[in-house]
Every structure is written in C-alpha cells, then in structure tokens.
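*Asks:* Have a look at this one.
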Amino acid sequence: MRIRLYRKSDLESLAGLYRDFYNEIRERQGLKQLISNEKEALETAKGSLRNNSCVFVAEDHGKLIGFARVQCWDGAYFVREVHVTKPFRRKGVGSQLLASCENAVRKNGETSIYLTVEPKHSVSLKFLIHNGYDTLNMLELRKDFAETDMPEKHGSVEILGHKLRLL
C-alpha cells in the first residue's frame, strides 16, 4: 500500500470512492437521496478537484482504496474528506492519508489544519483524537423551522449552560 498524489487517470476510481463516502454520510444522516449513477459520482469527484484542493490517494496493488482532500480556503487549510474502503479500515491507511495532508500544509509554512466531523460519529472522533486533533474550534448549529419530535438518539451536550441536541 502506498500514498501518492491524485493523477488524472484516477478520476473514475476516485469517483467511486466519493460515491461511497457521501452515501455513507447520507445514510448516517437518514437521508434517502444517495449518489447512484456514475455521472453524478464523476461530477462530485471533479468538483472536489477544483478550488485550491490537493487530493491524496491510497493505492493497494494498483487499486485505489482511499483518499483525502485538503483545501485552502480563506487562508486556512481544511481537510475536507478522508475515506478508506471498509476492508482497509483500522489498518493505518486513514492516518497515513491524513498525515499526507498535514505534511502538504506544513510545507506551505502553516502551523494549523482544520476539519469538520459529525458529533455523533464516534469512530471519526476517536480517529481524529488518536491523530492529535484536540482543539475544538467551531460549532455548527441548526435551526428547524417546523416542530420536530426528533428524539435525542445521539444524546446532547451542554455548552455555556445550554443543552444542545446531537444529530
């Protein structure tokens, strides 16, 4: 297994990885609309390659098994996605992809890197903490315009004396 920069010849394989990545997120969020066709997957992958992005891929015996994308946005660097196919998870591939993003950012003289994670996704949170991410930087809050009987399926957290639901 090796980590390398994305090449144009990787586009179709990368599109499949993006489809899997976003479908996993959508399923976790309870969304029914999944990326099902190759054209949409290709457009998603192509879109990720724009806007000051750098994509690293993990390759095993000539097959892409994961990717990570880092993007410079407003002068700060954000890891936008890290994804490893299920058979290769918990084998250090994600950590190597993340380290590649971090090294690219360090080479640009930066001292910090950011990423977002769903608060209910404990596997991702543990992965990030294991890789040294220990500073809570920003919270994203949502307001529902209609009454909702959404259960606290994933619990809640108290911040500054206010109880907030976790989705």
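Just so it is clear, none of the values below were taken in a lab; they were calculated from the coordinates. None of the values given here were measured: they were computed from a predicted structure. Note that we place each Cβ from the backbone using ideal geometry, even for glycine, and neighbour counts take in every protein chain shown.
*Asks:* Most fluctuating residue of Asn108, Asn37, Asn51 in a GNM of the chain with Cα springs under 10 Å: which is it?
*Replies:* Maximum fluctuation in the GNM of the chain, among the listed residues, is at Asn108.
*Asks:* Test of understanding: what is the full-extension gain from Glu38 to Arg142, defined as 0.36 nm times their sequence separation minus their Cα-Cα distance? Mind dumping the intermediate values first?
*Replies:* Numbers: separation 104, 0.36 × 104 = 37.44 nm, distance 3.14 nm.
That pair, Glu38 and Arg142, stretches by 34.3 nm at full extension.
*Asks:* Additional query: Can you give the longest run of the chain that contains no GluC sites (Glu not before Pro) sitting in a DSSP loop with at most 12 other Cβ atoms inside 10 Å?
*Replies:* On the way: sites that count: Glu140, Glu147, Glu152.
Looking at the chain, 1-139 is the longest stretch - no exposed GluC sites (Glu not before Pro) with at most 12 other Cβ atoms within 10 Å.
*Asks:* Right, something else. Given the Cα-Cα distance of Asn131 and Ser112 and 0.36 nm per residue of separation, how much length would full extension add, in nm? Display every interim value, and only then the final one.
*Replies:* Values: separation 19, 0.36 × 19 = 6.84 nm, distance 1.36 nm.
Value of the extension gain: 5.5 nm.
*Asks:* How long are the semi-axes of the ellipsoid equivalent to segment 32-132, from square roots of 5 times the Cα gyration tensor eigenvalues, in whole Å, largest first?
*Replies:* Ellipsoid semi-axes (Å, largest first): 21, 18, 15.
*Asks:* To check you understand DSSP bridge types, tell me what percent of the beta bridges within the chain (both residues inside) are antiparallel, rounded to 5.
*Replies:* Counting only bridges with both partners in the chain, antiparallel ones make up about 90 percent.
*Asks:* Name the residue, out of Phe145, Phe67, Phe88, whose mean-square fluctuation peaks in a Gaussian network model built on the chain with Cα pairs under 10 Å.
*Replies:* Looking only at Phe145, Phe67, Phe88, the largest GNM fluctuation is found for Phe145.
*Asks:* Continuing with this model, one more query. Report relative contact order for segment 71-167 in percent, whole number only (criteria: Cα-Cα under 8 Å, sequence separation at least 6).
*Replies:* 21 percent
*Asks:* Take the cross-link list Lys107/Lys163; Lys8/Lys107; Lys91/Lys163 and give me the ones stretching past 30 Å between alpha-carbons.
*Replies:* Working: Lys107/Lys163 41 Å; Lys8/Lys107 23 Å; Lys91/Lys163 37 Å.
Violating the 30 Å limit, Cα to Cα: Lys107/Lys163; Lys91/Lys163.
*Asks:* Okay, moving on. Evaluate the relative contact order of the chain (contact order divided by residue number), counting alpha-carbon pairs under 8 angstrom at least 6 apart; express in whole percent.
*Replies:* Relative contact order here is 16 percent.
*Asks:* Take the Cβ-Cβ distance between Lys86 and Asn52 as r, set R0 to 22 Å, and report the resulting FRET efficiency rounded to the nearest 0.05.
*Replies:* Calculated transfer efficiency: 0.15.
*Asks:* Compute the long axis of helix 11-28 from its Cα atoms, compare it with the longest principal axis of the Cα atoms of the chain, and write down the angle in degrees, 0 to 90, nearest 10.
*Replies:* Value to nearest ten degrees: 10.
*Asks:* Here is a further query. Summing Lys, Arg as +1 and Asp, Glu as -1, what charge do residues with Cβ under 14 Å from the Cβ of Glu40 carry, Glu40 excluded?
*Replies:* 0
*Asks:* Would you calculate, for the chain, the mean residue ellipticity at 222 nm contributed by helices, counting each DSSP H stretch of 4 or more residues as -39,500 (n - 2.57) and dividing by all residues, to the nearest 500? Present the calculation step by step, with values, prior to reporting the outcome.
*Replies:* On the way: 4 runs with 53 residues, N = 167.
Calculated mean residue ellipticity at 222 nm is -10000 deg cm²/dmol.
*Asks:* How large is the charge dipole for segment 60-167, taken about the Cα centre, if only the Cβ atoms of Lys, Arg (+1) and Asp, Glu (-1) carry charge, to the nearest 20 debye?
*Replies:* Numbers: 16 positive and 13 negative charges, 107 e Å.
That gives a dipole near 520 debye.
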